[in-house]
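Right, one structure below, let's go through it.
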Amino acid sequence: MNRYLLGTAVAALTLSAGGAFADKSDDTLRVAFTKELESVDSYYNSAREGVVLQRAIWDGLIYRDPVTNEYVGNLATSWEWIDDTTLELKLREGVSFHNGEPFNADDVVYTVNFVADEANGAVTQNNVNWMESAEKIDDYTVRIHTKAPYPAAIEYLSGPVSMYPNEYYAEVGPTGMGTAPIGTGPYKVVSVDPGKHFVLEANTEYHDGPKGQPEIGRIDIRTIPEVNTQLAELFNGTLDLIWQVPSDQAERIEQMGDFVVSNESTMRVGYLAMDAAGRSGADNPFTDLKVRQAVNHALDRETLVDALLKGKSTPIHTACFPSQFGCAQDVTEYEYDPEKAKALLAEAGYPDGFKTEFYAYRDREFAEAIASYLNAVGIETDFKMLQYSALRDLNMKGEVPISFQTWGSFSVNDASAMVSQFFKHGELDDARDDEVLADLDIADSSTDPAVRKEHYALALQRIADQAYWAPMFSYNTNYVFTDEVSYAPTADEVLRFHEMSWK
Amino acid sequence: MLRFILRRLGLAVLVALTVSFISFSLLFLSGDPAIAIAGEGANENDIAAIRKLYGFDRPMLLQYWDWLSSALRFDFGESYYFRLPVADLIADRLSVTMILGVCGISFALLLAVPLGVLAAIRPNSIIDRVALFLSVAGQAMPSFWFGLILIVVFSINLRWLPASGAESWRHFILPTIVLGYYAMPAIMRLTRAGMLEVLSADYVRTARAKGAPEGLVLFKHALRNAIIPVVSLAAVQMGFMLGGSIVVESIFALHGAGYLAWESIGRNDLPTVQALILVFSLFYIVFTFLADVLNAWLDPRMRSS
């Protein structure tokens with residue numbers, strides 16, 4: 001709380017300080033990260049900051065336009081499914097990596113075979129383990145073999161899977177790639193001070209791909225953990241762009257009028273997970289459908305969005321983000337009705353409510369608001385805030401009756417990245433519903449988009465009817481930058497330096 | 001004297017070993033590091049693979065023995081988080097922390113000792129009151145608040161000093177003031193109390209009675225005795241600054257060892273945490289040792305005991 005008050009003080013005291021001096025003069029955009037990025041090698045980090053650097057330094061085979069969601073070629077110029085598990089791609093000719101190594105089929109084969117091998121320990125296996133191997137047909141033709149039919153392949157090839165130079169990567173490995181990254185992307189890396197400082201420089205020989213040519217000459221990124229310090233640096237002109245700014249502070253900066261404040265939705269969805277399968281004890285109340293429905297009726301999603309999340313957040317009723325392929329929106333919705341919630345609890349045999357442990361790992365203020373809604377209908381919460389890994393540990397052991405969770409889907413615009421992650425009887429599946437599993441199996445592996453849509457809809461409808469989760473809201477993020485920068489943030493929480501320019 | 005020093009050193013090694021063993025056991029109990037390494041997007045197969053890859057499925061004592069035998073060769077393994085050698089990582093971060101710690105404790109001593117002496121010479125005078133006010137303020141003000149106020153005044157409004165980073169000596173001025181000011185009150189109060197006690201002692205009265213100049217009485221007879229507990233306290237404060245300046249390092253984006261330790265705990269980055277605990281405990285041991293030597297030099301009575 002004090003920190004927020006202080007934000008007001010910082011904002012108020014600096015109102016008189018006037019506009020910032022420009023960095024346009026030296027063609028350098030100064031940006032802050034909040035978190036220390038573990039490794040720049042995009043296969044060895046699971047951070048948002050890593051995605052930002054990945055999109056600047058490397059290219060994927062395919063590119064998804066962040067506004068129209070249309071797929072176009074990037075390092076590949078065309079692609080075709082030869083059979084259910086073989087994708088053949090024609091590669092772009094005349095592309096070079098930042099170190100001069102030419103890009104060709106050998107790079108694709110090496111990259112795919114390296115990351116798909118579990119022994120190499122790519123951090124987010126989900127992004128790569130659908131690939132079996134890659135095969136060179138000629139210098140500019142490759143085939144990627146998937147382990148099973150995998151229709152979301154195009155989405156992954158346009159997102160987390162980017163192409164590395166085979167000779168260089170074989171020589172330096174992930175550690176070397178993390179400290180001296182080499183890609184084909186619009187920005188070259190000048191220096192990496194691990195976790196602290198990253199300097200990029202426009203790639204003047206960037207190929208004529210869908211990302212377009214970079215306009216800003218130099219990007220200087222420093223990690224500044226404290227948001228108030230970031231604001232101070234923005235005010236005195238030593239930073240040009242910050243993001244993930246808390247909503248109340250963003251509102252105040254907007255009132256000052258010296259900076260552009262832009263709010264965009266993200267794919268992150270906040271939800272309550274309930275132990276419907278009874279893993280935390282067969283007598284736990286959440287095994288009862290009526291109790292789970294009561295929880296869903298107890299939450300005022302509109303007010304949570306308006307009062308806490310603000311910006312472009314919206315109430316969510318599905319176990320996926322609405323823009324994702326297959327994320328059917330016509331499922332059962334539970335309106336805010338505390339009386340109905342109490343009645344349902346009474347019907348379930350808890351006329352006086354009950355007491356339960358309630359866990360969360362981030363956004364304490366949201367979790368507390370949610371707990372108060374639960375308390376209001378008689379569900380007394382013993383609130384416990386844990387580190388992500390500790391909560392996940394408990395969850396995998398099945399010791400969590402109800403928890404506030406969030407999921408960002410790695411910005412993958414396909415429902416499989418969320419609903420299939422949690423409802424296919426894995427260790428994090430609290431529902432373990434065979435019907436849902438059967439539908440998801442069909443939806444995840446069918447190559448017919450209509451069939452996929454139909455079965456995701458069936459699975460999502462059953463999840464909603466059974467109230468396995470209480471989906472609540474989507475997240476948003478605030479971008480704040482000097483009015484000399486021209487940039488339109490996109491709805492996927494990725495900063496795209498190549499789309500920025502000076503006014 | 002040599003035997004005394006050797007025995008103290010042997011004891012120090014035992015303390016360091018005990019600290020490292022206890023911290024290893026506690027970290028071992030605190031959660032599954034494989035889950036933290038795998039990150040938010042991983043599924044159970046990823047986690048199982050990582051557990052095996054890093055050897056978390058082996059008995060704890062075996063893991064501790066492996067760590068210890070490599071640590072003796074200055075090989076602290078690779079950070080799970082950064083995938084870089086822990087020794088390099090710590091060497092990089094420690095330099096910032098050392099500069100900050102030395103500047104901070106110097107600032108604190110330069111401010112606290114003269115103030116404490118002045119306050120003791122004229123108890124209840126206006127100087128004493130000002131000193132009291134400064135120390136109460138230093139004790140009461142949270143570092144993050146003080147740090148941000150300094151940033152607002154000196155970086156934003158006056159634009160004299162940079163707000164964050166560690167590129168030049170100018171970057172260290174504000175953090176030094178915040179860190180040093182936080183350590184100042186205890187040193188000042190101890191100096192004042194020590195001086196007051198000593199100034200009323202018989203030998204000071206004797207020195208004055210025989211006509212020694214006041215400066216000589218104050219600095220040779222009084223301060224030299226009063227400063228002994230201050231030296232011990234400053235040594236502990238210094239150890240604290242090297243390991244515990246998390247807030248200051250975070251506000252001024254200094255990326256020092258304290259901040260690294262704090263973040264590494266949250267990331268379950270065991271090799272980094274382990275190595276840092278060892279380094280920090282060695283700092284405490286070294287500083288306490290140096291303080292004892294310094295005190296023995298100041299007070300000949302301590303040399304014999």
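Conditions: (1) within 14 Å of chain A (Cβ to nearest Cβ); (2) at pLDDT 85 or above. B:LYS52 meets all but one. Number of the miss? The number of the failed condition is (2).
Here the condition is being touching a strand residue (DSSP E or B) at 6+ places or on another chain (Cβ under 8 Å) and over 30 Å from A:HIS425 (Cβ atoms); of B:SER79, B:SER135, B:SER106, B:SER95, it holds for B:SER79 alone.
Within the set A:GLY349, A:GLY353, A:GLY311, the sole residue that is surrounded by fewer than 21 Cβ atoms within 10 Å (Cβ to Cβ) and within 27 Å of A:LEU394 (Cα to Cα) turns out to be A:GLY353.
Just to be sure before I move on: is A:SER420 away from chain B (no Cβ under 13 Å) and at pLDDT 90 or above in the structure I sent? Spelling it out, it is not the case that A:SER420 is away from chain B (no Cβ under 13 Å) and at pLDDT 90 or above.
For region A:126-154, which residues satisfy the criterion of being among the aromatic types (Phe, Trp, Tyr) and either assigned by TED's automatic domain parsing to the domain that holds A:ALA417 or within 26 Å of the chain's Cα centre (by Cα) (or both)?
From region A:126-154, those among the aromatic types (Phe, Trp, Tyr) are A:130, A:140, A:150; that's our starting set.
Matches in region A:126-154: A:TRP130, A:TYR150.
Counting only residues that are part of a helix (DSSP H, G or I) and either more than 7 Å from chain A (Cβ to nearest Cβ) or surrounded by fewer than 21 Cβ atoms within 10 Å (Cβ to Cβ) (or both), region B:148-166 holds 5 of them. When A:ILE316, A:ILE370, A:ILE379 are screened for being buried (at least 20 other Cβ atoms within 10 Å of the Cβ), in contact with a Pro (Cβ under 6 Å, 6 or more places away or on another chain) and not charged (D, E, K, R), only A:ILE316 passes. Beta carbons closer than 8 Å, at least 6 apart along the sequence or on distinct chains, pair a first residue in region B:77-96 that is touching a residue at least 24 places away in the same chain (Cβ under 8 Å) and within 18 Å of B:ASP66 (Cα to Cα) with a second that is aromatic (Phe, Trp, Tyr) and buried (at least 19 other Cβ atoms within 10 Å of the Cβ) for B:GLY77/B:TRP67; B:TYR80/B:TYR54; B:VAL86/B:PHE76; B:ALA87/B:PHE76.
Got a sec? Which helices (runs of 4 or more DSSP H) wholly within region A:68-166 have at least 2 residues that are farther than 28 Å from A:SER323 by Cα? Steps first, please.
Numbers: elements: A:105-116, A:125-128, A:153-157.
Here the list reads A:105-116.
In the condition set (1) among the small types (Gly, Ala, Ser); (2) surrounded by fewer than 22 Cβ atoms within 10 Å (Cβ to Cβ); (3) in contact with a His (Cβ under 8 Å, 6 or more places away or on another chain), A:ALA56 is compliant with all but (2).
For region A:426-474, a tally of residues being among the hydroxyl-bearing types (Ser, Thr, Tyr), more than 26 Å from A:SER313 (Cα to Cα) and touching a Lys or Arg at 6+ places or on another chain (Cβ under 7 Å) returns 1. Each residue in region B:167-190 was checked for being without any contact (Cβ under 8 Å) to a residue 24 or more places away in the chain and more than 14 Å from chain A (Cβ to nearest Cβ), and 2 of them qualify.
From the list B:GLY256, B:GLY239, pick out the single residue that is touching an Asp or Glu at 6+ places or on another chain (Cβ under 6 Å) and either within 21 Å of B:ILE99 (Cβ to Cβ) or outside the structural domain of B:TYR181 (by TED's automatic domain parsing) (or both). Before the answer, list the steps.
Working: B:GLY239 fails: touching an Asp or Glu at 6+ places or on another chain (Cβ under 6 Å).
Answer to the selection: B:GLY256.
Note on region B:135-147: residues that are modelled with pLDDT under 90 and either farther than 14 Å from B:TYR181 by Cβ or more than 8 Å from chain A (Cβ to nearest Cβ) (or both) total 8.
When we screen B:ALA87, B:ALA112, B:ALA108 for residues that are within 14 Å of chain A (Cβ to nearest Cβ), of a type in the set (A, V, I, L, M, F, W, C) and part of a helix (DSSP H, G or I), the only hit is B:ALA87.
Restricted to region B:208-305, the set of helices (runs of 4 or more DSSP H) holding at least 1 residues that are modelled with pLDDT under 80 and surrounded by fewer than 24 Cβ atoms within 10 Å (Cβ to Cβ) comprises B:224-244, B:257-266, B:270-298, B:300-304. Taking the conditions (1) in a loop (DSSP other than H, G, I, E, B); (2) over 23 Å from A:ALA122 (Cβ atoms); (3) not hydroxyl-bearing (Ser, Thr, Tyr) in turn, A:GLY185 satisfies each one other than (2). The numbered conditions (1) free of Cβ contacts under 8 Å to residues at least 40 places away in the same chain; (2) buried (at least 23 other Cβ atoms within 10 Å of the Cβ) are all true for B:PHE133 except (2).
Yes or no: region B:72-84 includes at least one residue that is surrounded by 14 or more Cβ atoms within 10 Å (Cβ to Cβ), in contact with a helix residue (DSSP H, G or I) (Cβ under 7 Å, 6 or more places away or on another chain), part of a helix (DSSP H, G or I) and not charged (D, E, K, R). No, region B:72-84 contains no residue that is surrounded by 14 or more Cβ atoms within 10 Å (Cβ to Cβ), in contact with a helix residue (DSSP H, G or I) (Cβ under 7 Å, 6 or more places away or on another chain), part of a helix (DSSP H, G or I) and not charged (D, E, K, R).
If we keep just the residues of region A:290-308 that are assigned to a helix (DSSP H, G or I) and among the acidic types (Asp, Glu), which is modelled with the highest pLDDT? Within region A:290-308, the match that is modelled with the highest pLDDT is A:GLU302. From the list B:SER232, B:SER200, the lone residue that is under 16 Å from the mean Cα position of the chain (by Cα), of a type outside the set (A, V, I, L, M) and away from chain A (no Cβ under 14 Å) is B:SER232. Please verify whether region A:404-412 includes one or more residues that are surrounded by fewer than 22 Cβ atoms within 10 Å (Cβ to Cβ), of a type in the set (Ser, Thr, Tyr) and either in contact (Cβ under 8 Å) with a residue 24 or more places away in the chain or out of contact with any strand residue (DSSP E or B) (no Cβ under 9 Å at 6 or more places or on another chain) (or both). Checked against the condition, which is being surrounded by fewer than 22 Cβ atoms within 10 Å (Cβ to Cβ), of a type in the set (Ser, Thr, Tyr) and either in contact (Cβ under 8 Å) with a residue 24 or more places away in the chain or out of contact with any strand residue (DSSP E or B) (no Cβ under 9 Å at 6 or more places or on another chain) (or both), region A:404-412 yields at least one hit. Restricting region A:178-193 to residues that are within 14 Å of chain B (Cβ to nearest Cβ) and surrounded by fewer than 23 Cβ atoms within 10 Å (Cβ to Cβ), the residue that is nearest to B:ARG93 (Cα to Cα) is A:ASP193.
Can you work out which of the residues in region A:75-120 that are closer than 11 Å to A:THR184 by Cβ and of a type in the set (S, T, N, Q) is surrounded by the most Cβ atoms within 10 Å (Cβ to Cβ)? Among residues in region A:75-120 that are closer than 11 Å to A:THR184 by Cβ and of a type in the set (S, T, N, Q), the one surrounded by the most Cβ atoms within 10 Å (Cβ to Cβ) is A:SER96.
From the list A:ASP434, A:ASP441, A:ASP429, A:ASP448, the lone residue that is over 21 Å from B:GLU44 (Cβ atoms), surrounded by fewer than 22 Cβ atoms within 10 Å (Cβ to Cβ) and not hydroxyl-bearing (Ser, Thr, Tyr) is A:ASP448.
The values are calculated or read from the model by the stated rules, or taken from the named source; none is laboratory data. Just so we're clear, the structure is a prediction, and the values are computed from it rather than from any experiment. Backbone-built Cβ (ideal geometry, glycine too); neighbour counts: all protein chains shown.
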